[in-house]
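Peer 1: First the structure, then my questions, so here it is.
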Amino acid sequence: MYDTINMKLKQEEVKGIDLLQEIPCRLSNTSEHYFNEGKSKAISGYLGNLKVSVTEYGIKINDNSLCKWYLGDNFQTLGRGDTKRAVEKLSDLLCLPIEKADILRIDLAQNIIMNHDLSIYYNHLGTMQYYSRLEQSTGLYYQNKKRQLVFYNKVADYKSKGLQIPDMYKNRQVLRYELRYKKAIIKQFNLPELKAKTLYNEAFYMQIIDKWYHEYSNINKIRDAIKFDYSMIKTKRQYQLQSILYYVNMTGGELEAIKEVNEASKLGKLSKKQAYDLREQIKQACKSELFTCKSEVISELDKKIKESVRFYN
């Protein structure tokens, strides 16, 4: 499930080793620059596709996929065992205890083969509390200051980069779902520290995969509306819900209706309280089991996401 892993090994973990003297000779394409008003030096280079930056204070390994470095491509992902072996290989090549490095970023990912064009699934993934929903030409993003959820076409991504697509994925609709922990990771996991060796600890690995699943579960899934039918309406509240759904359909769906309310609020036509109330009414109406039904494509996606977490190793 792991893809990109950024980490930093502090000097205090390798006392007695002159990092600026020992590490750059193990790298390719090195360059140096100065910081702290020219008082401190940093040397950057590459270990394969991994960027390694060295100062007297420690080394950082970042800016590329650990999975691609270890397995040769990142169409795959790293399981618990491969992650342990990748860390051990890094330690051997750099002659450093990389298992003691602090983790700065984690990307979890999985490829899911779908039955339909991927844009259909994006259109059924709605808003998410505490996240901004961003539609991109390459896929769909949910992000806040600490995390990012990304859904995109992995085959199209590989084609755009001129990379070879594995045979089993050729001519398939391959949805890539990634959960990226980008900042304040130890706070998000309520840990005093998060080291490289923790990544392949079984309890932590199970926990982070559960988070990958639950973050997806927290996305509001857009249901399909049922045709207006007066015989289904028995109360005033049901009539209100059906009327709201009629408005939602006229504006182009739940997302467009919410967008219209947000724009009205920004233009001063609605107060923040009015906009909030309208958004909540729209969401409640679109979740009504009397007037809507669960989308078949979301049923498919829910099932396949759930199957992805059945086996932790």
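The values are calculated or read from the model by the stated rules, or taken from the named source; none is laboratory data. Here the structure is a predicted model, which is why all the values come from computation and not from measurement. With ideal geometry, Cβ positions are generated from the backbone for all residues, glycine too; neighbour counts draw on all protein chains shown. Side chains are part of the model used for accessible areas, which takes the heavy atoms of the whole protein and leaves out ligands, DNA and RNA. Shrake-Rupley method; radii C 1.70, N 1.55, O 1.52, S 1.80 Å.
Peer 1: In cubic angstrom, how much convex hull volume per residue do the alpha carbon atoms of the chain span?
Peer 2: Per-residue hull volume (Cα only) is 183 Å³.
Peer 1: Right, here's the next one. Run the accessible area of the range 167-208 with a 1.4 Å probe and give the carbon-and-sulfur part as a rounded percent.
Peer 2: Accessible surface attributable to carbon and sulfur in the range 167-208 totals 46 percent.
Peer 1: For every helix of n ≥ 4 consecutive DSSP H residues, a contribution of -39,500 (n - 2.57) applies; sum these over the chain, divide by its total residues, and give [θ] at 222 nm rounded to the nearest 500 deg cm²/dmol.
Peer 2: Theoretical 222 nm ellipticity from helices: -11000 deg cm²/dmol.
Peer 1: Run the dipole for the chain about the Cα centre, Lys and Arg Cβ at +1, Asp and Glu Cβ at -1, nothing else charged, and hand back the magnitude in debye, nearest 20.
Peer 2: Computed charge dipole of the chain: roughly 740 debye.
Peer 1: Please give the Cα centre distance for the range 52-95 versus the range 107-136, rounded to the nearest Å.
Peer 2: Cα centroid of the range 52-95 versus Cα centroid of the range 107-136: 28 Å apart.
Peer 1: Assuming a ≥ b ≥ c are the square roots of the Cα gyration tensor eigenvalues, decide whether the range 114-254 counts as rounded (a/c under 1.5), prolate (otherwise, with a/b larger than b/c) or oblate.
Peer 2: Oblate is the answer for the range 114-254, as a/c is 1.5 or above yet b/c matches or exceeds a/b.
Peer 1: In straight Cα distance, which aspartates and glutamates are under 19 Å from LYS8, not counting same-chain residues fewer than 8 positions off?
Peer 2: Qualifying aspartates and glutamates at Cα under 19 Å: ASP18, GLU22, GLU32, GLU56, ASP63, GLU88, ASP92, GLU99, ASP102, ASP107, GLU193.
Peer 1: Lysine pairs in the range 31-112 with alpha-carbon atoms under 21 Å apart, 8 or more places apart or on different chains: how many are there?
Peer 2: 16
Peer 1: Under 1.5 on a/c is rounded, so check that first for the range 1-99, then, if it is not, pick prolate when a/b is larger than b/c and oblate when it is not; a ≥ b ≥ c are the square roots of the alpha carbon gyration tensor eigenvalues.
Peer 2: Taking the square roots of the gyration eigenvalues as a ≥ b ≥ c, the range 1-99 is prolate.
Peer 1: Kindly identify the range 112-163 as rounded, prolate or oblate by the Cα gyration tensor criterion: order the square roots of the eigenvalues as a ≥ b ≥ c, call it rounded if a/c is under 1.5, otherwise compare a/b with b/c, prolate if a/b is larger, else oblate.
Peer 2: Taking the square roots of the gyration eigenvalues as a ≥ b ≥ c, the range 112-163 is oblate.
Peer 1: Ranked highest first by the average count of other Cβ atoms within 10 Å around their residues, in what order do 62-70, 198-206 fall?
Peer 2: Per-residue Cβ counts within 10 Å, averaged per peptide and sorted highest first, yield 62-70, 198-206.
Peer 1: Could you give the accessible area per residue of the chain, probe 1.4 Å, as a whole number in Å²?
Peer 2: 55
Peer 1: Also: Between their Cα atoms, which of LYS211/LYS259; LYS187/LYS259; LYS266/LYS304 are more than 30 Å away from each other?
Peer 2: Pairs exceeding 30 Å: LYS187/LYS259; LYS266/LYS304.
Peer 1: List, in the order given, every pair from LYS170/LYS197; LYS145/LYS273; LYS154/LYS221; LYS10/LYS306 whose Cα-Cα distance in the structure shown is over 32 Å.
Peer 2: LYS170/LYS197; LYS10/LYS306
Peer 1: Roughly how many debye, to the nearest 20, is the charge dipole of the range 75-196 about its Cα centre, given +1 on each Lys and Arg Cβ, -1 on each Asp and Glu Cβ, and no other charges?
Peer 2: Computed about the Cα centre, the dipole is about 260 debye.
Peer 1: Suppose each label sits 7 Å from its Cα in the direction of the beta carbon; what would the ILE120-ASN201 distance come out to in nanometres?
Peer 2: About 4.3 nm, to one decimal.
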